[in-house]
1. Which distance in nm do the two modelled labels at residue 28 and residue 193 give, with both placed 7 Å along the Cα-to-Cβ direction?
2. In whole percent, and with a 1.4 Å probe on the protein chains, what portion of the accessible area of the range 210-255 is carbon and sulfur?
3. Would you work out the charge dipole size for the range 83-191 about its Cα centre, treating the Cβ of every Lys and Arg as +1 and the Cβ of every Asp and Glu as -1, and quote it to the nearest 20 debye?
4. Given 0.36 nm per residue, what is the gain on full extension from residue 54 to residue 184 after removing their alpha carbon distance, in nm?
5. Taking the Cα centre of the range 134-277 as origin and charging only Cβ (+1 Lys, Arg; -1 Asp, Glu), how large is the dipole, in debye to the nearest 20?
6. Order the peptides 142-149, 36-43 from the highest to the lowest mean number of other Cβ atoms within 10 Å of their residues.
7. Work from the charge dipole of the range 18-153 (Cβ charges, +1 for Lys and Arg, -1 for Asp and Glu, about the Cα centre) and give the residue of 29, 46, 125 farthest towards its positive end.
8. Only four residue types carry charge here, +1 at the Cβ of Lys and Arg and -1 at the Cβ of Asp and Glu. Report the dipole size of the range 42-126 about the Cα centre in Debye, rounded to the nearest 20.
Amino acid sequence: MDSTPSLPLPGPSDPSGVGRFLADNREEVLGQLEHWVRIPSVASQPERSIDVERSARWLAAAMREVGLTTDILWAGPSPTVVGEWIVDPAKPTVLVYSHHDVRHAKPEEWAETEPFQPVLRDGRLYGRGASDAKGQVVAHLWGLRAHLAGRGDAGPAVNLKYVVEGEEELGSTHFASLLDQEHERLSCDVVVFSDTLQWKDGDPAVVTSMRGMTGATLTVTGPLRDVHSGAASGPTPNPVHALVTVLAALHDDDGRIALPGFYDDVEELTDERREQLGDLSFDTDVWLERTETRSVTGESGHTVEERLWARPAIEVLTLLAGDPTGFPPGGDPPARQRRRSASAPSPDSTSRPSPTNSAASSDRRCPTGSSTS
């Protein structure tokens, strides 16, 4: 582990000056973020592995400048940056989680600017990772600077730990094992999860609960081999038909998830939680316009806010049918079709739906001649 002493931090002598401190240092904050965004830390591309490591080392240096002791831990091939400031073991410990790897940049989504050449336009910084999630990490570091500036030489009010992983966009494949290995070191009283959305401009909020996620892949098998639709259409079981039949049965007429046992361990919302969500200045029409979803669906008897943030949901993420790269439409229907789904249990559920049970339920709904796995 290495560390450097805290740099002198100019600014106000009391917490009321935090906003002024950040405003006075706005250009430096943006400069740091721009520099970091220029590092193409795309974990999904092996040729970018050195850039992911460069990103981790840049962050470790930025943490040391604030006064944190730092270390880089390797979770498989991925570097996780850990920063710590323990003022007093008797004080509460806050752990901030985020990630420094970024998604692959699709060229068609970057028609106006280059993904790793950040551009400031109309008050927004455009660049891959600026908001997912390098911007959040920079905000935490500068929030700490402002906090320290208001406290003089007192140090932070609580113990702080930062854990910023490098493979979140890959599904955090090795992160769980890292947490197991470093369990004592990373113990804390509260976790601040820093990879969430700001739900409304100008209305910052603290995220108090999150829905987890469990994934499953369903494969539907029909004929033993591809058969030509012109020669066999009619009596031949088509796995595409079987798959859409299963998908159509995922929800009942009230928008509830129809998988047996899905709600067994889902607790109903308390009156207090309903009231908290209802007190938010949430406008469904504004949400529809911003998300471009066009309409509201889902579980009846619950508000949009409750469906978004408190109730479980099931989604189809990927649907592969036919031969997307080979035969043209109207050609041979393939023998197998797949869909990838994700289930988001509510924050208060005590267990997750079982993909095995889900597949068994799907098999019962599958038309004759097809089976699922």
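1. Using points 7 Å along Cα→Cβ, the separation is 3.3 nm.
2. Numbers: 1450 of 2660 Å².
In the range 210-255, the share of accessible area belonging to carbon and sulfur is 55 percent.
3. Values: 11 positive and 18 negative charges, 94 e Å.
Result for the range 83-191 is approximately 460 debye, rounded to the nearest 20.
4. 44.1 nm
5. Working: 11 positive and 23 negative charges, 104 e Å.
My answer is approximately 500 debye.
6. Working: 142-149: 20.9, 36-43: 23.1.
Highest mean packing first, the order is 36-43, 142-149.
7. Of 29, 46, 125, it is 29.
8. Values: 9 positive and 13 negative charges, 28 e Å.
The calculated dipole for the range 42-126 is roughly 140 debye.
The values are calculated or read from the model by the stated rules, or taken from the named source; none is laboratory data. Bear in mind the structure is a predicted one, so any value in this text is a computation, not a measurement. All Cβ positions, even for glycine, are placed from backbone atoms using ideal geometry, and neighbour counts span all protein chains on display. Note: accessible area is taken over every heavy atom of the protein model, side chains too, but ligands, DNA and RNA are not part of it. Shrake-Rupley method; radii C 1.70, N 1.55, O 1.52, S 1.80 Å.
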